[in-house]
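Below: the structure, in structure tokens.
The values are calculated or read from the model by the stated rules, or taken from the named source; none is laboratory data. Just so we're clear, the structure is a prediction, and the values are computed from it rather than from any experiment. Using ideal geometry, Cβ is built from the backbone for each residue, glycine included, and neighbour counts are taken over all protein chains shown.
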Amino acid sequence: MFGYIVQRILAAVPVMGFVALFVFLMLRLTPGDPAAIIAGDTATPEQLQRIREALGLNDPLHIQFITWIGNLFQGDFGTSVISGKPVIELIAARMEPTISLALTTIILSVLIAVPLGVIAAWKHGTLIDRFVMLISVLGFSVPVFVIGYLMISLFSMQLNWFPVQGFRPIGDGLGQFLHRIALPTFTLTLLYIALIARITRTSMLEILGDDYIRTARAKGLPERLVLMRHALRNCSVPIITVIGIGFALIISGVVVTESVFNLPGLGRLTVDAVLARDYPVIQAVILLASLIYVVINLLIDIAYVLLDPRIRYS
Amino acid sequence: MTDQTVFTPGDGRVSPLDRVREIVFSSPFVFIASLILAIIVLSALFAPWVVPHDPVRLTPAQRLKPPSEIYWLGTDAYGRDLFSRIIYGGRISLVVGLGAAVFAVASGLMLGLLAGYIRWLDAILMRMVDGLMAIPNILLAIAIVSLWGAGIWTVLIAITIPEVPRVVRLVRSVVLSAREEPYVEAAIAAGSSTWLIMRRHLLPNTIAPLIIQGTYICASAILVEAILSFLGAGINPETPSWGNIMAEGRIYFQINPGIVLWPGIVVSVAILAINLLGDAVRDALDPRMAKRGIDR
């Protein structure tokens, strides 16, 4: 078990290494002077010089990379070209809305999507099944911000149930927090429901055809027990996997959703950084998002072993 | 499952035209989806003859007008006709969708064949693929656009790069299973060159899955383009695209929600239609894949 975990962690290192290299080279290999690209057309030579120094662009490429990686390990993600503040501080200040939105979305999606998927597979071929499939195709097709504006138009402007935008930290009281985060969560959750319901339905369908399910039914177990204890349990691995893979979708979705609902999170920070060409911030957000993705998928790999004794740690 | 066995006469080959007809008429949904797509593609192609107004002409006196007989969907904040802009916007989306599908499939195919067939390269390429897949696609795309500036080519490249890893993985897995087949082993034993084996024995196996993947990439690229434009990291608003029409309409959402909602509906319907078509193609070309429900 311990060996397996170490092996998984070691396998994640080159992945993160490549992400870092890619993010590093993306700026350096851009045609033209990176400092001029960041500073824009109106930059003075002093500003260019300041940016070059901030990014260490005057050193040879390999030295730049080593220094940069070294700094990363010390928690130094560079300084924002625009505000002059350390990037890590900017990110820390914006973490809460993003984490809140990601968590509420994942929780709500799993609560809705897993039962939907189970029912769709159980009532395979019926109207309910078709409805679930329709939702899942819709979830993949309608852009998050279109859903967002439909939600605003219906629930905020017509019905006046929720505020159009804004965020309240959970410290201000659960009611306030939920009231503000509800619409963004509903918006983002459709995509995730689509993803999870689809995989739940598919893996349930496969398993419901297995012999042991017939046995369980033949020995007179109530259908609820057959579905929950025998079938759903064996679907846990693909469902958990897709939740991990879908995390990248959540990050992308969060960027858009925060923009629609004006939440002061990492997504807003990124979009503002892109518009201002504040590359150190963009770079750090990409690294952080990828790191979280890799870590979550690592945890899922480890969870397999706990969930499914058939998977041996080899 | 609904897959029915299709018996084909003669040598078992179906002409491509029959295949297309079979797919289009496979269900009413798919038929409607094909029809909608055809309308969108044709109106974008022949936009100058279809639109009632110049999509870029500013008429400040007519700003933010509600739908009327002159302006079917109303006007935007600069008095430009929304309907005409949406028709023209289809051009960008279709170019980006098709372009991303072609480029991603072509480069993914090449890398996937190499990864599947050349062992030492496989390890390196797959780490790169894992790395690229760990970066959320929107973040990657907006970072590229912010560095390289927002032209149609930059946007196309920014959208294509995050799609490549999935194609590489797909091709690689097809190649890995195909190379265990006796006919490939026989070709190796007979001394065929690596290039010949790839082209004659491995490549044909990848065609069906790649057509399917290509349609999904097309849908996803249109979606990402809309998101990029919406975030302000897309094509310059002077050239209308579905995303940047919505982006411009955002501040006026409370006054005229149509500026955001109409292009939003069109882009959703277009993507939905392509996805449905992709599912139909998958069911027709690869019933086994359909049965497993594996896609995207």
Criterion first (without any contact (Cβ under 8 Å) to a residue 24 or more places away in the chain and out of contact with any Gly (no Cβ under 6 Å at 6 or more places or on another chain)) does residue A:183 satisfy it? no
For region A:3-31, give me the residue count where each residue is farther than 22 Å from residue A:67 by Cα and modelled with pLDDT under 75. 1
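Residue by residue, here is whether (1) touching a Phe, Trp or Tyr at 6+ places or on another chain (Cβ under 7 Å); (2) crowded, with 16+ Cβ neighbours inside 10 Å; (3) in a helix (DSSP H, G or I); (4) not basic (Lys, Arg) holds:
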| residue | (1), (2), (3), (4) |
| --- | --- |
| B:23 | no, yes, yes, yes |
| B:35 | no, no, yes, yes |
| B:38 | no, no, yes, yes |
| B:42 | no, no, yes, yes |
| B:48 | no, no, yes, yes |
| B:55 | yes, yes, no, yes |
| B:58 | yes, no, no, yes |
| B:65 | yes, yes, no, no |
| B:73 | yes, yes, no, yes |
Out of A:125, A:117, sole residue that is in the same structural domain as residue A:288 (by TED's automatic domain parsing), out of contact with any Phe, Trp or Tyr (no Cβ under 8 Å at 6 or more places or on another chain) and part of a loop (DSSP other than H, G, I, E, B): A:125
Being touching a residue at least 40 places away in the same chain (Cβ under 8 Å) and among the aromatic types (Phe, Trp, Tyr) is the filter here, so list the residues in region B:249-281 that pass it. B:252, B:262
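If you check residue A:113 against the conditions, is it small (Gly, Ala, Ser), under 23 Å from residue B:275 (Cβ atoms) and away from every other protein chain (no Cβ under 11 Å)?
Numbers: small (Gly, Ala, Ser): yes; under 23 Å from residue B:275 (Cβ atoms): yes; away from every other protein chain (no Cβ under 11 Å): yes.
So residue A:113 passes the test.
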The residue that is surrounded by the most Cβ atoms within 10 Å (Cβ to Cβ), considering only those in region B:151-199 that are among the acidic types (Asp, Glu) and not in a helix (DSSP H, G or I), is B:181
Among B:127, B:85, B:91, the single one that is part of a helix (DSSP H, G or I) and either loosely packed, with under 15 Cβ neighbours inside 10 Å or within 14 Å of chain A (Cβ to nearest Cβ) (or both) is B:127
Candidate set: region B:131-141, residues that are in contact (Cβ under 8 Å) with a residue 12 or more places away in the chain and either in contact with a Leu (Cβ under 8 Å, 6 or more places away or on another chain) or assigned to a helix (DSSP H, G or I) (or both); chosen: the one surrounded by the most Cβ atoms within 10 Å (Cβ to Cβ): B:138
Scan of region B:237-263 for residues that are more than 9 Å from chain A (Cβ to nearest Cβ) and charged (D, E, K, R), ordered by number: B:238, B:248
Do we find a residue being buried (at least 20 other Cβ atoms within 10 Å of the Cβ), out of contact with any Phe, Trp or Tyr (no Cβ under 6 Å at 6 or more places or on another chain), assigned by TED's automatic domain parsing to the domain that holds residue A:231 and not charged (D, E, K, R) anywhere in region A:32-42? no
Residues in region A:132-174 that are buried (at least 17 other Cβ atoms within 10 Å of the Cβ), part of a helix (DSSP H, G or I) and more than 13 Å from every other protein chain (Cβ to nearest Cβ): how many? 1
Which ranges mark the helices (runs of 4 or more DSSP H) fully within region A:16-108 that have 3 or more residues being under 27 Å from the mean Cα position of the chain (by Cα)? A:61-73
Of the criteria (1) more than 15 Å from residue B:154 (Cβ to Cβ); (2) under 15 Å from the mean Cα position of the chain (by Cα); (3) surrounded by 24 or more Cβ atoms within 10 Å (Cβ to Cβ), which one residue B:224 fails: (1)
Residue B:282 - would you say it is within 14 Å of another protein chain (Cβ to nearest Cβ), closer than 25 Å to residue B:25 by Cβ and basic (Lys, Arg)? yes
Restricting to region B:142-154, give me the number of residues that are more than 9 Å from chain A (Cβ to nearest Cβ) and under 16 Å from residue A:27 (Cα atoms). 2
